[in-house]
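Participant: One structure follows; several queries about it will come next.
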Amino acid sequence: MPEKILLQQYRSTRQHSCTLCAPLQTEDYIPQPREFASPPKWHLAHTTWFFEEMVLKVYLNDYQIYHEQFSYLFNSYYHTIGDRAIRTERGAITRPSVKEVYQYREYVDKNIEHLLSNSPNKEILTLVKLGINHEQQHQELLITDLKHTFSLNPIFPVYRSNFNLVKDKNEDSGWLKMEEGIYEIGHNDDSFCYDNEQGMHKVYLHNYQLSKALVTNEEYIEFIEAGGYENFNYWLDEGWNWVQENNIQRPLYWFNIEDKWHFYTLSGLKQIDPEAILAHISYYEAQAFATWKQCRLPTEFEWEAASEKLIYGKRWEWTNSAYLPYPGYKMAAGAVGEYNGKFMINQMVLRGGSVATPANHGRPTYRNFFHPQLQWQFTGIRLAK
């Protein structure tokens, strides 16, 4: 039955979040060095709050909220629900303790399991499925946020000795030729998707080619050594201003030590493998590199049309498409409607998933989106021409 399968998915997803945190010390759960990176404790609590707020408070009769202040502390951006703590100060939330956050998770899990074991209706099943996928998104963010926090520690802490997520290499090479024509874009079956994937529509694409391989560290080092960060001709004006104002000279987590490139990984500081796939670059850097190579970035429509013929899933791949609604898109009513639609401004679409994306979470129609200056996700480059 659907509810039994969903309950299994719920249990495994919730357990995976705890498994990701198993190597952490108590002190690791707290810091927030940058606005975009939330502490692990907040991720654990926020994903729990989602199930409590969106499901239990609405559908479980006589449900008693765990703590009256948790909605204020762990609401992220849902204006429909009410006031929330300041995003930049999540690292200052030392109370509740890590122990109590885990108790909160146990309390909500017990009630969700009770709800799913008593003939839940379609609305409940839909929201729990959304909550599972929401938590999977935060599992990826937990990893990338933790890496950023650890990278600022001068002793370069080891999260797990076997957790170097940037060592993978390409499995294919050459160029994939795509014929001009009309292609259908968007999600169009009964499997789960976010609302920003819906609205299947036709697009016309001219002849184009996509690289079968992602850009490697070696290729990007050539760009650096050729003065890529010093020549404004390769950069969009906004990107060039970003480089100048922030003294950007290399990808995030790269260090030049005694004339050798190293990077920080969750397995500690490592010397860069030239053949490994590049990671942690902004849209601005991806665009500049593509220009230097006399190529370009693909549009999200070119990427999706070719996805069945590509090997992907190692890096989120920047596209040259702004994050905009598909034809017929309409925001849902209430808090759920705030999930995607209100962010359709000043962000670029990424496709393909990454090594940090949970298993079975990605799909060809998945539209990730970030501001063009951000580097802390496992982002990479696939060239087009």
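The values are calculated or read from the model by the stated rules, or taken from the named source; none is laboratory data. All of these numbers come straight from a predicted model, not from anything done at the bench. Because the Cβ atoms are built from the backbone with ideal geometry, glycine has one as well, and the counts that use them run over all protein chains shown. Surface accessibility is based on the protein's heavy atoms, side chains included, excluding ligands, DNA and RNA. Shrake-Rupley method; radii C 1.70, N 1.55, O 1.52, S 1.80 Å.
Participant: Among the candidates Lys177, Lys202, single out the residue that is more than 26 Å from the chain's Cα centre (by Cα), outside any loop (DSSP other than H, G, I, E, B), basic (Lys, Arg) and more than 30 Å from Gln137 (Cα to Cα).
Facilitator: Lys177
Participant: Condition test on Arg90, is it in a helix (DSSP H, G or I), closer than 29 Å to His148 by Cα, under 22 Å from the mean Cα position of the chain (by Cα) and in contact (Cβ under 8 Å) with a residue 12 or more places away in the chain?
Facilitator: The answer is yes for Arg90.
Participant: When you go through Trp242, Trp261 one by one, which is the residue that is in contact with a Phe, Trp or Tyr (Cβ under 9 Å, 6 or more places away or on another chain), aromatic (Phe, Trp, Tyr), part of a strand (DSSP E or B) and over 25 Å from Leu310 (Cα atoms)?
Facilitator: Trp261
Participant: Could you tell me which residue of segment 323-342 is farthest from Ala213 (Cα to Cα), considering only residues that are of a type in the set (A, V, I, L, M, F, W, C) and touching a helix residue (DSSP H, G or I) at 6+ places or on another chain (Cβ under 9 Å)? Before the answer, list the steps.
Facilitator: Kept after step one, since they are of a type in the set (A, V, I, L, M, F, W, C), are these residues of segment 323-342: 324, 331-333, 335-336.
After this cut, where a residue has to be touching a helix residue (DSSP H, G or I) at 6+ places or on another chain (Cβ under 9 Å) as well, the list is 331-332, 335-336.
Values: Met331: 36, Ala332: 38, Ala335: 40, Val336: 37 Å.
Applying the filter and picking the extreme gives Ala335.
Participant: Take His43 and decide whether it is within 18 Å of Arg105 (Cβ to Cβ), surrounded by 21 or more Cβ atoms within 10 Å (Cβ to Cβ) and not aromatic (Phe, Trp, Tyr).
Facilitator: The answer is yes for His43.
Participant: A further question on this structure: Mind listing whichever residues of segment 286-306 are assigned to a helix (DSSP H, G or I) and open to solvent by 10 Å² or more (accessible area, probe 1.4 Å)?
Facilitator: Going through segment 286-306, the residues assigned to a helix (DSSP H, G or I) turn out to be 286-292, 300-306.
Scanning segment 286-306 gives Gln287, Thr291, Trp292, Phe301, Glu302, Glu304, Ala305.
Participant: Continuing with the same structure: Within the group Leu116, Leu142, which residue is in contact (Cβ under 8 Å) with a residue 12 or more places away in the chain and touching a Cys at 6+ places or on another chain (Cβ under 9 Å)?
Facilitator: Leu142
Participant: Taking the options His79, His46, His67, name whichever one is in a loop (DSSP other than H, G, I, E, B) and at pLDDT 95 or above.
Facilitator: His67
Participant: Do we have Lys270 as surrounded by fewer than 18 Cβ atoms within 10 Å (Cβ to Cβ), touching a Gly at 6+ places or on another chain (Cβ under 6 Å), within 28 Å of Ile143 (Cα to Cα) and among the charged types (D, E, K, R) here?
Facilitator: The answer is no for Lys270.
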